[in-house]
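The values are calculated or read from the model by the stated rules, or taken from the named source; none is laboratory data. Every value quoted in this text rests on a predicted model; they were computed, and no experiment measured them. Cβ sites come from the backbone with ideal geometry, for glycine too, and all protein chains shown count toward neighbours.
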Amino acid sequence: MRSFSLIFKQFSRSVLLIAGFAFLGSSAYAQGDATKGEAIFKANCTTCHKIDIRLIGPALGPTVTSDTDDKWLTKWIENNQALIAAHDKKALDIYNQYAQANMTVFTQLSDGDVANILSYVRTAWKTQQTAAAKPGASGPAAETGPSDLVIYALIGVIILAFIIILVLNKVVITLERLLEKNQGLFIEEVAVEKVAVDRFAFARKLAKNKKFVFFTLLCGTLALGSWTWITMWNTNVHQGYQPVQPIKFPHDLHAGAMKIDCQYCHSGAYKSKNASIPSLNVCMNCHKTIDRTLNSKTASPEIKKIYDALGYDPQTQKYDSTKTRPMQWIRIHNLPDFAYFNHSQHVKVAKLRCQTCHGPIETMKEVYQYSPLTMKWCVQCHKRTNVDFKGNAYYTKMEAVHNLIKEGKPVTAAMMGGIECGKCHY
Amino acid sequence: MDSNKKYWKGLEELNKTPEFVEKNKHEFAEPIPIEEVLTGGGLGGKTPRRDFLKALGFGVGAVTLAACQKVPVHKSIPYLIKPEEVTPGVANYYASTFEGHAILVKTREGRPIKIEGNPHDLLSKGGLSGQAQASVLDLYDVNRLKNSMRDGGDYGWGQTDGFIKSELAAIKAGGKKIRIVSSTITSPSTLAVIADFITQFPTTKHVAYDAVSYTGIIQANQNSFNKAVLPHYYFDKADVIVSFGADFLGTWISPAEFIRQYVQNRNNKSLQNKKMSRHIQFETGMSVTGTNADVRIPIKPSEEGLALVALYNAISGTTLPGTKPLKNNIADKAIAIVAKELVAAKGKALVVAGSNDVATQVLVNAINSQLGSYGTTIDLDNPSLQYSGNDAGLVEFVNEMKRGEVDAVFFLNANPVYDYYNSKDVTDGLKKVRLKVSFSDHADETASACNIIAPNHYYLESWGDDNAIEGYYTILQPTINPVYDTRQAEHSLLIWSENPVKDYYTYVRKNWDANLLAKGGLSGQSGWETLLQTGFVKAAENPKGTYTFGRDLNAVAQTILDHSDLLADGKVELQLYQTVAMRDGKKANNPWLQELPDPVSKVTWDNFAAVSPTDMKNWGYEDGDVVKIDGNNYSITLPVLSQPGQTQGTISVAVGYGRTLAGPVGDNVGKNAFPFHSLRNGTFQTTATVSLTKTGDNSPLSQTQTHHSIEGRNSIIKEATFTEYLKNPAARTGKGKDHKDYNENNLFWQDYDHPQYNWVMAIDLNACTGCGACVVACSAENNVPVVGKAEVGRRREMHWIRIDRYYSFDDNGQGGVTKEKEIARLEDLDHVRVVYQPMLCQHCDHAPCETVCPVLATVHSSEGLNHMAYNRCVGTRYCANNCPYKVRRFNWFNYWNDARFENYLQNDHTLLVLNPDVVTRFRGVMEKCSMCIQRIQAGKLKAKIEKRAVRDGDIKVACQQTCPANAIVFGNANDPNSEVSKALASERTYYVLEELGVQPGIGYQVKIRNISETEA
């Protein structure tokens, strides 16, 4: 659902943009090529700038639109340091206004490139403003997608309709009854009583049938027994456990749509027993600049939770260490204390994919426990998985193992002692 | 040729007391309360069928309900901003210093969990004492002070600073004395801070003293050679070592270093070169050093001086005036032989004495000078700085206080109210002092008598440096943020003396930049960073001068003889000593140390009066009888313990016990013996004459000693003499023509392949000194619980490795057991030999424990290990019963969550010291040595990640790593070039209880005693 709306949003956005370009194609100060400009803009500028809002640098849309001194802008964009060094008043003003943060120097950009960027920015800003001014237009409405209010209203309408149908139905029945009463037809109720007596008698007859009783009891016992057995067998197996996390972190977006490597955040998986939940400074690598979902008008409340936990103020871009509070994630994969598990052994040495144990994590909106994490499950895998000994000098000295390898036979983890108690229990 | 020497583990076993014999018949030596349960109200009464059904129903219901509780929600709380160097699950190591030894502190997620020796440490090359191993636990002591205090109430640091500054200003104006009282400070930066403080307040004097003092040696060197230093001794350069009561392998000056030196001439390598040093010990009580000696001669304290005079006479060929013959025949004979051997080994001989008497030490200097020891085995030019305290300085300070001349006193790592011989003088004196400040991190005896306590950081939280040996500078760096709101003492002193440098880190840094880095050829930022990684710098050694003793000895001899006469007044002579675990008692609140059995007596959680078995009989004492010890205007009551080897007519009592304000663990454990000290000729004497009276009470000691009988099996401990070894290196190992192959009758066990690794261990009994560092290291590494005195008394201590101590008669190389009857045997109990044997799970290839486990909780691995799956264990204890080595431990309680053990290891803070890679065991399961399988697995994983084979020495088990004697070697027997394969290939190797055919994985090397030439 989420990805659908995303695709839809992206699609509608590009349609809108193209429309905007077509409309503004002959605009007064758009001398550059906005399409080329978009590419350059996305490659170089988006780390610090957005069109509509302030990020590390100013919101470019309004700034560049109001400032038409393209020559100065070009100089600034290509080498702002030179301008500052030359004590250009305007440059110094901006420099001081943004806490003397140095803007990257882009000497590699030609004047033409800059013109393209400016053209793109102005066009895009204009498009956005136009879109905002016409809320009734088909594009922007679709862009926001069905709001929560609409959905609730829809549900409300359905429920209301259902109630109305029920009430109407009841009215109809009452009316029919009245009609029948008026016609003097009472036989029906007597007939109902008779049927009930018959049924009771049938049950009594069944109860006297010993074979039937035995069969029923047997079935009952078996059902109850197997239910007990299964319940006990699965005690403390929490496959499918999906707790509500303090931040609704969408793995489907990060690992799925954005294709961020698992180890970018879970960096411990390569070198430690713990894959480790990323510390919030890792989140801030990206979320310092990304504070909302694509094209959303307002900052995401979920991302704001990161800021709150870190005591980070997105306006001033400063951290306040007195306002920090820990992020209490709920642990999903709980191995008992007496079982030792090491991620690096499996991820780095055995080169297993994360998905082997954690399931299709890249499609999970909220993570759940995919594998049972029982010992049976561990042992089965150790019995079935061949050791990846290629290119690892660790295995070359083990003669017995080496002979098997030479014979071309697969060597499983179990054959290397992988199912001995002491491999995991100490 | 099997050894036919008789060994025994305790006197009960030797004497076959009826109780012991009775106990031994039982499957378990300790009583099992099953009969109590059966005869008690519980199961004894008749239970009607209905009641039974009711109970059953209720039980099932209750259990079902209890099982229905919700699975707890586990939280995972990551760092907000992760420090770059921390990876959760991966340990970091930081170089630091413990008591002059360069160490590595292992931290996990920013908290120190283990202390490991720095392999490049100049002193012990990576070996560490039990004290060092245990020190990490004190960091998490919940009884440490949590902020600064005034008169017992909390007082903020700001207020404290304001108060002290104003007081100091007033005191400075008044012009009265200020004193900084400390134990020996070896940190150059701390000394500089104190010097700066003295500049600011010129009436200040720094008084350094040591609870167990070495003033005698320092003063003697001042008298003899005009150098007031504690020499640096080289036991590795000595072929003949003679010690008079100096416990240099246990407690004397720098034991971990001396063990390393001493063992170099006695270990496998040395023996293979046909070389072994000779060590003769004259001493009163049985010390670790005495038990390791080739020959040990028990002498009374009063005879020590006479023996030294006799030795000097024999070596120099002169006769000092007043020389008297020793009443002790054996000692007298021994002195003559020893003198001959010492002279023969001139230049490679060393005589040391533990006495704190100046005259005695001057005489020792004269002997060493005659033997040419200076410049060879004794270095006066690169002295040890580990102890520099001056007894007279402390006495003078106490007198100054009593005279009301002192207005301010600062106590830094000093506790004179506890360890001064006349503690009342100190408390009385303190009352006359206006400003009393203690830097103690506990409200200890002295701190409680102060108005201000400004608690110091623990050493793991501190910046600092150390200089244990001249020219050897080590660094301390913090490994954790301060756990409590404490402040480093040096920092406080800087603030109070208005030093321009406001924090101690900057101060240390400046001091190193200006003075110390250059000594190691380092400089600047890069030099500092190198230092933080390596942990130390070593300056070039001072050239060694020549020292010849030229003083007149007549007066010295007279002083010694007078002292002897004073002691030998017919009463019982008392010798005060330090135990290996507790030392001077400063770490009394450490449960790991309290539960570490004393190497010789195997007593835990107590001090006691060690009495010779002959005296026990003569005086009518039984073990545990409480006696009143009276002497030097002080008396205490202590249980007695029959200690073979104790000199007749003497008792030995350990200092370091009887703390009253150490904390809940250390409070009222044993009795304080410090007040038995006396001041004589300017130094504190560790001997006294006392009288003993029986109180009639009996207070059993908790020993780990007689838990397990050796059942007359003579293949457990094997010992040969050096002569025998030279003739046949495999002497007394049982190997030879008639050696049976016990493995051929292998009916029960399948053989296991070891395709990849075969982890085994070799333990050199000739290197092991029995110090017990491995026991503490193992507890720290493997989360072994502390059980307390009562449980040790029930023989339920949990140590995975223990050091068995076996006595044998000192038969002077003639072999065989004593021929005489009872009395003669008792006489011989004064001359016993001791062999230590570290005993841990032998990881048998044919493990008897595995065959009896009904639930397969203990099984064999393809790597030669005996695995123990705790989660599978149901606690039948069959395995422990079937283990011939008795190394399995049963969890009688849930030690980690049981209010009865709350002082030990289970509060929120001490739990932080646990090794996260090892699980804690629950009540009702068996546990035992895993051969540090977590380290094996980690070592293999590291090799796999680095795509290489496991290198020999990559994996070190905890006991091996800390052993200062390198007695334990661990490795892969499949690799013929590994250290362990080479060690096991030694002719001396034998396997304990080999005849059982269990194929143990640990090979021991026969103990060799250099008694070829003893005629005594």
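Could you go through region B:149-156 and let me know if any residue there is crowded, with 16+ Cβ neighbours inside 10 Å and of a type in the set (Asp, Glu). Scanning region B:149-156 turns up no residue that is crowded, with 16+ Cβ neighbours inside 10 Å and of a type in the set (Asp, Glu).
Filter region A:70-102 for residues that are in a loop (DSSP other than H, G, I, E, B) and at pLDDT 80 or above and give the result. Scanning region A:70-102 gives A:79, A:86, A:87, A:88. Hey, any hits in region B:288-295 for a residue that's within 20 Å of residue B:832 (Cα to Cα), hydroxyl-bearing (Ser, Thr, Tyr) and under 30 Å from the mean Cα position of the chain (by Cα)? Yes, there is a match, as at least one residue in region B:288-295 is within 20 Å of residue B:832 (Cα to Cα), hydroxyl-bearing (Ser, Thr, Tyr) and under 30 Å from the mean Cα position of the chain (by Cα). Within region A:410-422, not a single residue is over 20 Å from residue B:863 (Cβ atoms), at pLDDT 85 or above and buried (at least 17 other Cβ atoms within 10 Å of the Cβ).
Inspect all residues belonging to region B:933-945 and state whether any of them is over 21 Å from residue B:704 (Cα atoms), more than 14 Å from chain A (Cβ to nearest Cβ) and not β-branched (Val, Ile, Thr). The answer is no; no qualifying residue exists.
Restricting attention to region A:158-204 and to residues that are modelled with pLDDT under 85 and of a type in the set (Asp, Glu), the residue that is nearest to residue A:216 (Cα to Cα) turns out to be A:198.
Any chance region B:130-147 includes a residue that's farther than 20 Å from residue B:197 by Cα, among the hydroxyl-bearing types (Ser, Thr, Tyr) and touching a residue at least 60 places away in the same chain (Cβ under 8 Å)?
Going residue by residue through region B:130-147, those that are farther than 20 Å from residue B:197 by Cα are B:130-147.
Among the residues that remain, those that are also among the hydroxyl-bearing types (Ser, Thr, Tyr) are: B:135, B:140.
Retained after the next criterion (residues that are touching a residue at least 60 places away in the same chain (Cβ under 8 Å)): B:135, B:140.
Within region B:130-147, one or more residues are farther than 20 Å from residue B:197 by Cα, among the hydroxyl-bearing types (Ser, Thr, Tyr) and touching a residue at least 60 places away in the same chain (Cβ under 8 Å).
Taking the conditions exactly as written (within 14 Å of chain A (Cβ to nearest Cβ), at pLDDT below 85 and surrounded by fewer than 23 Cβ atoms within 10 Å (Cβ to Cβ)), does residue B:742 satisfy them or not?
Values: within 14 Å of chain A (Cβ to nearest Cβ): no; at pLDDT below 85: yes; surrounded by fewer than 23 Cβ atoms within 10 Å (Cβ to Cβ): yes.
Taking the combined requirement at face value, the residue does not satisfy it.
Say whether the condition of being of a type in the set (A, V, I, L, M), more than 19 Å from the chain's Cα centre (by Cα) and assigned by TED's automatic domain parsing to the domain that holds residue B:674 is met by at least one residue in region B:597-604. Looking through region B:597-604, none of the residues is of a type in the set (A, V, I, L, M), more than 19 Å from the chain's Cα centre (by Cα) and assigned by TED's automatic domain parsing to the domain that holds residue B:674.
Taking residue B:628, is it at pLDDT 90 or above, surrounded by fewer than 24 Cβ atoms within 10 Å (Cβ to Cβ) and not aliphatic (A, V, I, L, M)? Answer is yes for this residue.
Considering only region B:395-413, I want to know if a residue exists there that is polar (S, T, N, Q), assigned by TED's automatic domain parsing to the domain that holds residue B:439 and either within 23 Å of residue B:209 (Cα to Cα) or surrounded by 24 or more Cβ atoms within 10 Å (Cβ to Cβ) (or both). Please lay out each step first, then the result.
The first filter runs over region B:395-413 and keeps only residues polar (S, T, N, Q), leaving B:399, B:413.
Going one step further and asking which of them are assigned by TED's automatic domain parsing to the domain that holds residue B:439, we end up with B:399, B:413.
With the extra rule that they be either within 23 Å of residue B:209 (Cα to Cα) or surrounded by 24 or more Cβ atoms within 10 Å (Cβ to Cβ) (or both), the set shrinks to B:399, B:413.
The answer is yes, given that some residue of region B:395-413 is polar (S, T, N, Q), assigned by TED's automatic domain parsing to the domain that holds residue B:439 and either within 23 Å of residue B:209 (Cα to Cα) or surrounded by 24 or more Cβ atoms within 10 Å (Cβ to Cβ) (or both).
How many of the residues making up region B:75-130 are within 15 Å of residue B:459 (Cβ to Cβ) and aliphatic (A, V, I, L, M)? Qualifying residue count for the region: 7. Going by the structure shown, is residue A:226 without any contact (Cβ under 8 Å) to a residue 12 or more places away in the chain, surrounded by 13 or more Cβ atoms within 10 Å (Cβ to Cβ) and away from every other protein chain (no Cβ under 12 Å)? Taking the combined requirement at face value, the residue does not satisfy it.
In the set (1) surrounded by 19 or more Cβ atoms within 10 Å (Cβ to Cβ); (2) at pLDDT 90 or above, residue B:509 fails one condition alone, (1).
Which of the residues that make up region B:872-883 are assigned to a helix (DSSP H, G or I) and buried (at least 22 other Cβ atoms within 10 Å of the Cβ)?
At the first step, the residues of region B:872-883 found to be assigned to a helix (DSSP H, G or I) are B:872, B:878-882.
Within region B:872-883, B:879 is the sole residue that qualifies.
Residue check: is residue B:300 basic (Lys, Arg), under 20 Å from residue B:356 (Cβ atoms) and surrounded by fewer than 19 Cβ atoms within 10 Å (Cβ to Cβ)? Judged against the criteria, residue B:300 is not a match. Scanning region B:252-290 for residues that are among the β-branched types (Val, Ile, Thr) and buried (at least 24 other Cβ atoms within 10 Å of the Cβ) gives B:259, B:263, B:280, B:284, B:288, B:289.
Just wondering, is there one or more residues in region A:236-247 that are in a loop (DSSP other than H, G, I, E, B), on the phi > 0 side of the Ramachandran plot and over 26 Å from the mean Cα position of the chain (by Cα)? Yes.
Restricted to region A:260-317, and to residues that are part of a loop (DSSP other than H, G, I, E, B), within 10 Å of chain B (Cβ to nearest Cβ) and free of Cβ contacts under 8 Å to residues at least 60 places away in the same chain, which residue is surrounded by the most Cβ atoms within 10 Å (Cβ to Cβ)? Residue satisfying both the conditions and the ranking: A:276. Considering region B:124-177, and only residues there that are of a type in the set (Lys, Arg) and out of contact with any strand residue (DSSP E or B) (no Cβ under 9 Å at 6 or more places or on another chain), the residue that is farthest from residue B:772 (Cα to Cα) turns out to be B:165. Among the residues making up region B:424-453, those that are touching a residue at least 60 places away in the same chain (Cβ under 8 Å) and part of a strand (DSSP E or B) are B:435, B:437, B:452, B:453.
Name the single residue, out of those in region B:884-910 being basic (Lys, Arg) and part of a loop (DSSP other than H, G, I, E, B), that is farthest from residue B:800 (Cα to Cα).
Within region B:884-910, the subset basic (Lys, Arg) is B:886, B:888-889, B:900.
Narrowing the set further to residues that are part of a loop (DSSP other than H, G, I, E, B) leaves B:886, B:888.
Working: B:886: 10, B:888: 8 Å.
Among those that are basic (Lys, Arg) and part of a loop (DSSP other than H, G, I, E, B), it is B:886.
In region A:350-367, the count of residues that are within 14 Å of another protein chain (Cβ to nearest Cβ) and small (Gly, Ala, Ser) is one or more.
The set of residues in region A:325-349 being among the hydrophobic types (A, V, I, L, M, F, W, C) and either closer than 23 Å to residue A:259 by Cβ or not in a loop (DSSP other than H, G, I, E, B) (or both) consists of A:329, A:330, A:332, A:347, A:349.
Would region B:901-915 turn up any residue that is within 12 Å of another protein chain (Cβ to nearest Cβ) and of a type in the set (Ser, Thr, Tyr)? Give the steps one after another, and end with the answer.
Residues of region B:901-915 that are within 12 Å of another protein chain (Cβ to nearest Cβ), as a first pass: B:914-915.
So of that shortlist, the ones also of a type in the set (Ser, Thr, Tyr) come out as none.
Within region B:901-915 (the criterion being within 12 Å of another protein chain (Cβ to nearest Cβ) and of a type in the set (Ser, Thr, Tyr)), the answer is no, since none of the residues qualifies.
The condition of being surrounded by fewer than 18 Cβ atoms within 10 Å (Cβ to Cβ), away from every other protein chain (no Cβ under 11 Å), basic (Lys, Arg) and in contact (Cβ under 8 Å) with a residue 40 or more places away in the chain holds for residue B:886.
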